[in-house]
Amino acid sequence: MSISTENLNAIRETIKRIALLNAISHEGKAQTKPVLGKLLSEKPDLRGVARELVSLVDEIVREVNSMPLEEQIETVKKFWPEVLKKEREKKKEKAEEKTLPPLPNVEKYSRVVTRFAPNPDCVLHLGSARAIILSYEYAKKYNGLFIVRFEDTDPRLKKSSLEFMDLIRKDLEWLGCPPDKEYIQSDRIEIYYEYAEKLLKEGYAYICTCPPDEFRNRIRASEPCPCRNLTPEENLRRWESMLSGTYAEGEAVMRIKTDLEHPNPAIRDWPAFRIIDTRKYPHPRVGSKYRVWPLYNFACGIDDHLMGVTHIIRGKEHLTNQERQKYLYRYLGWEYPEAIHYGRLKIEGALLSKSKIVRGVREGLYTGWDDPRLATFLALRRRGIRPEAIRRLIIDIGPRSADITISWDNLYAYNRKIIDPIANRYFFLWNPVKLTVKNVKREFMVYIPLHPDHPERGNRSFHIKPLNNMVHLLISGDDAKQLKPKVIIRLMELFNIKIEKVNKDHILAVFHSESYAEAKKVSAQLIHWLPENEGLPCDVIMPNNSVITGLVEKSLKKVSPDEIVQFERFGFVRVESINEKIVTLFAHK
Ligand SMILES: [Zn+2]
């Protein structure tokens, strides 16, 4: 292929534009290699004469580099104003990334303290993302403190485990939200006892031994149960009996006195402590050391104050809990922290029930905590969803109080923005089918950039050598199914072929032409391919845990596990392992 004078002038212009932009983004100094790479990705037809172009690019780069930066910018403004506009728009888009609205009453506190308080009875999933990310981001925004508090005070029904605590710590690390401080409630039981006794002594709480049904009926009718009017001395005696084991499980609870006329019966004299037989249900950290355990609202309310939490950021399903806890704060003479309640965030099609996840994994319904069907952070991470994508999505939604439903596609869109520039491209053929092309008269060396926008990352290369004018290739089964005789298609970056014969497991074609322009003329479909005998076996585990098997080009062997790549015309995948077989997980299109 030779270049005409007319063509050459156009090429010079293009090189100059690319070199100027390259120089402008590198303090006035362009470099030959990336300029050449960008040129070839813009004009793939020139790949055949890349060698001859090197000296021309070199010459223009030198010319551009001899100009001062201001002059480079002026030149681009004058001749290619639309290019700079695009760059500006990109910057503007970046600047417009949403930030969080301010927190209320920050000036009241010497330091903002937020917290995330998981029960370590499961790994974390997308449903916790909002609480974690908002609490973390707000703490950072105000140079404050982000606390993690493990709420492990139910050894019976919401049984925690040390395994989950560790996995949650790792989840937080991965999400980029490491806590400044960590507390575990099972270390703090004596503290809760201290406040229980104080409240009993001061008449703000009582030990109720009524059968639950009986109590419920009375409270619904706004009537006190007989225990409500016991003296503090009698209550403290009963409390001792709870601690010492005189009462069995279910025979006594400590209740906080509220308002029997409260319009919401759930607020009336709520339970603060109950007995759990820890000889039967030992706690994973403290065994059977305690048998009287605080309930959620008591432990949480006490801790938020003692830990200096200034801003509680949580879902609006906690509004009732706030009302319950406010009684405690009043009795203890404390001021309730600022509370921000966001609306429900639904993720279409995501299983967010912790008990279902735990049961499914324990019963072998799922392959583990990182089963691709789950919305756990472990599963998302394994599939190549980046924590920055989750973070960006959550910050954009913010702490608004309206309910909102997002789809997986919303999350994928955020993730695509992050991984598209990172992920190198490869050819993957699913259910490959043989393709023989006749009439190929010469050898082809094919160089394809690993990433079209990043020529500096280098190329993948294929050597196509005909034998008796024939080459044997493979294409994807899905592509093969669409082919019909006489149709012209372009084998990406190689040449154009005309289909002659379509069998179920073999396609016969004849060489048609070389240039991309020819293919464009007839609107030929572009399909990807591999030389026969060159593909490596590769599995793609899909989000529904099904497996697509195929062949991937051999240069993928150089990739390290955990890298995210794009299989062209297939989608983004995360490489999990590279052995005789390569295993990847599908992220999204
Ligand atoms: Zn009672």
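The values are calculated or read from the model by the stated rules, or taken from the named source; none is laboratory data. Keep in mind that what you see is a predicted model, and the values were worked out from it rather than measured. Please note: Cβ atoms are built from the backbone with ideal geometry, for glycine as well, and neighbour counts cover all protein chains shown. With ligands, DNA and RNA removed, areas are computed over all heavy atoms of the protein, side chains included. Shrake-Rupley method; radii C 1.70, N 1.55, O 1.52, S 1.80 Å.
Can you tell me how many residues within segment 200-222 are within 11 Å of the ligand (Cβ to nearest atom), among the acidic types (Asp, Glu) and part of a loop (DSSP other than H, G, I, E, B)?
0
Only one of ALA402, ALA389, ALA413 is without any contact (Cβ under 8 Å) to a residue 60 or more places away in the chain, surrounded by fewer than 15 Cβ atoms within 10 Å (Cβ to Cβ) and assigned to a helix (DSSP H, G or I); which? Can you show your working first?
Values: ALA402 fails: assigned to a helix (DSSP H, G or I); ALA389 fails: surrounded by fewer than 15 Cβ atoms within 10 Å (Cβ to Cβ).
None of the others qualify; the one that does is ALA413.
I'd like to verify a number: residues in segment 112-143 that are among the β-branched types (Val, Ile, Thr) and in a strand (DSSP E or B), how many? Walk me through it before giving the result.
Initial filter on segment 112-143 (among the β-branched types (Val, Ile, Thr)): 112-114, 123, 132-133.
Still in the list and also in a strand (DSSP E or B): 113-114.
The number of residues fulfilling the criteria is 2.
Only one of ARG416, ARG442, ARG425 is within 23 Å of the chain's Cα centre (by Cα) and farther than 30 Å from TYR136 by Cβ; which? I'd like the intermediate steps shown before the answer.
Details: ARG416 fails: farther than 30 Å from TYR136 by Cβ; ARG442 fails: within 23 Å of the chain's Cα centre (by Cα).
The unique qualifying residue is ARG425.
So is ILE488 in contact with a helix residue (DSSP H, G or I) (Cβ under 8 Å, 6 or more places away or on another chain) and open to solvent by less than 60 Å² (accessible area, probe 1.4 Å) or not?
Working: in contact with a helix residue (DSSP H, G or I) (Cβ under 8 Å, 6 or more places away or on another chain): yes; open to solvent by less than 60 Å² (accessible area, probe 1.4 Å): yes.
It is true that ILE488 is in contact with a helix residue (DSSP H, G or I) (Cβ under 8 Å, 6 or more places away or on another chain) and open to solvent by less than 60 Å² (accessible area, probe 1.4 Å).
Check segment 445-466 and report whether any residue there is open to solvent by 10 Å² or more (accessible area, probe 1.4 Å), under 20 Å from GLY535 (Cβ atoms), touching a Leu at 6+ places or on another chain (Cβ under 8 Å) and of a type in the set (A, V, I, L, M, F, W, C).
no
Just the residues that are outside any loop (DSSP other than H, G, I, E, B) and either under 18 Å from VAL575 (Cβ atoms) or open to solvent by 10 Å² or more (accessible area, probe 1.4 Å) (or both), please, taken from segment 368-386. Spell out how you get there, then give the answer.
Applying the first criterion (outside any loop (DSSP other than H, G, I, E, B)) to segment 368-386 yields 376-382.
Of everything in segment 368-386, those that are outside any loop (DSSP other than H, G, I, E, B) and either under 18 Å from VAL575 (Cβ atoms) or open to solvent by 10 Å² or more (accessible area, probe 1.4 Å) (or both) turn out to be LEU378, ALA379, LEU380, ARG381, ARG382.
Provide a single number: the residues in segment 223-235 that are surrounded by fewer than 16 Cβ atoms within 10 Å (Cβ to Cβ) and more than 15 Å from the ligand (Cβ to nearest atom).
Counting residues in segment 223-235 that are surrounded by fewer than 16 Cβ atoms within 10 Å (Cβ to Cβ) and more than 15 Å from the ligand (Cβ to nearest atom) gives 1.
Could you list all residues from segment 236-249 that are at negative phi and either within 46 Å of the chain's Cα centre (by Cα) or open to solvent by less than 70 Å² (accessible area, probe 1.4 Å) (or both)? First the steps, then the outcome.
First, the residues of segment 236-249 that are at negative phi: 236-244, 246-249.
Correct list: LEU236, ARG238, TRP239, SER241, MET242, LEU243, TYR247, ALA248, GLU249.
Which members of segment 312-340 meet the condition of being open to solvent by 50 Å² or more (accessible area, probe 1.4 Å) and in contact (Cβ under 8 Å) with a residue 40 or more places away in the chain?
Filtering segment 312-340 down to residues open to solvent by 50 Å² or more (accessible area, probe 1.4 Å) leaves 316-317, 319, 323, 326, 330, 333, 335.
Passing the criteria: LYS316, GLU323.
Among the residues of segment 233-278, what is the count of those that are more than 22 Å from GLN325 (Cβ to Cβ) and not aliphatic (A, V, I, L, M)?
Here the count works out to 15.
Give me a count of the residues in segment 28-49 that are in a loop (DSSP other than H, G, I, E, B) and either under 35 Å from the mean Cα position of the chain (by Cα) or polar (S, T, N, Q) (or both).
Looking only at segment 28-49, we keep the residues that are in a loop (DSSP other than H, G, I, E, B), and these are 28-31, 43.
Filter once more, so that each one left must be either under 35 Å from the mean Cα position of the chain (by Cα) or polar (S, T, N, Q) (or both): 31.
Matching residues across segment 28-49 total 1.
Considering only segment 250-267, I want to know if a residue exists there that is within 20 Å of VAL113 (Cβ to Cβ), open to solvent by 40 Å² or more (accessible area, probe 1.4 Å) and at pLDDT 95 or above.
Scanning segment 250-267 turns up no residue that is within 20 Å of VAL113 (Cβ to Cβ), open to solvent by 40 Å² or more (accessible area, probe 1.4 Å) and at pLDDT 95 or above.
Which residues, taken from segment 21-75, are among the polar types (S, T, N, Q) and over 21 Å from TYR516 (Cβ atoms)?
Step one: list which residues in segment 21-75 are among the polar types (S, T, N, Q), which gives 22, 25, 31-32, 41, 55, 65-66, 72, 75.
ASN22, SER25, GLN31, THR32, SER55, ASN65, SER66, GLN72, THR75, listed by residue number.
Sort out which residues of segment 576-589 are closer than 15 Å to ILE548 by Cβ and either surrounded by 21 or more Cβ atoms within 10 Å (Cβ to Cβ) or small (Gly, Ala, Ser) (or both), and write them in order of number.
Here is the first cut: in segment 576-589, the residues closer than 15 Å to ILE548 by Cβ are 576, 581-589.
Scanning segment 576-589 gives ILE582, THR584, LEU585, PHE586, ALA587.
Confirm whether GLU197 is closer than 17 Å to ARG274 by Cα, away from the ligand (no atom under 15 Å from the Cβ), open to solvent by 50 Å² or more (accessible area, probe 1.4 Å) and at pLDDT 95 or above. Walk me through it before giving the result.
Values: closer than 17 Å to ARG274 by Cα: yes; away from the ligand (no atom under 15 Å from the Cβ): yes; open to solvent by 50 Å² or more (accessible area, probe 1.4 Å): yes; at pLDDT 95 or above: yes.
Here the answer is yes, as GLU197 does meet what is asked.
Across segment 168-188, what is the number of residues that are crowded, with 19+ Cβ neighbours inside 10 Å and either assigned to a strand (DSSP E or B) or of a type outside the set (D, E, K, R) (or both)?
Result for segment 168-188: 7.
For the structure I just gave you, tell me whether ILE475 is in contact with a Phe, Trp or Tyr (Cβ under 7 Å, 6 or more places away or on another chain), of a type outside the set (Phe, Trp, Tyr) and modelled with pLDDT of 95 or more.
Values: in contact with a Phe, Trp or Tyr (Cβ under 7 Å, 6 or more places away or on another chain): yes; of a type outside the set (Phe, Trp, Tyr): yes; modelled with pLDDT of 95 or more: yes.
Yes, satisfied.
When the residues of segment 239-287 are narrowed to those that are among the acidic types (Asp, Glu) and within 16 Å of the ligand (Cβ to nearest atom), which ends up farthest from ASP121 (Cα to Cα)? Working first, answer last.
Here is the first cut: in segment 239-287, the ones among the acidic types (Asp, Glu) are 240, 249, 251, 259, 261, 269, 277.
Those left that are additionally within 16 Å of the ligand (Cβ to nearest atom): 251, 269.
Working: GLU251: 26, ASP269: 28 Å.
Checking each candidate, the answer is ASP269.
Which condition number in (1) free of Cβ contacts under 8 Å to residues at least 40 places away in the same chain; (2) under 30 Å from GLN185 (Cβ atoms); (3) open to solvent by 30 Å² or more (accessible area, probe 1.4 Å); (4) not β-branched (Val, Ile, Thr) is the one that PRO102 fails?
(2)
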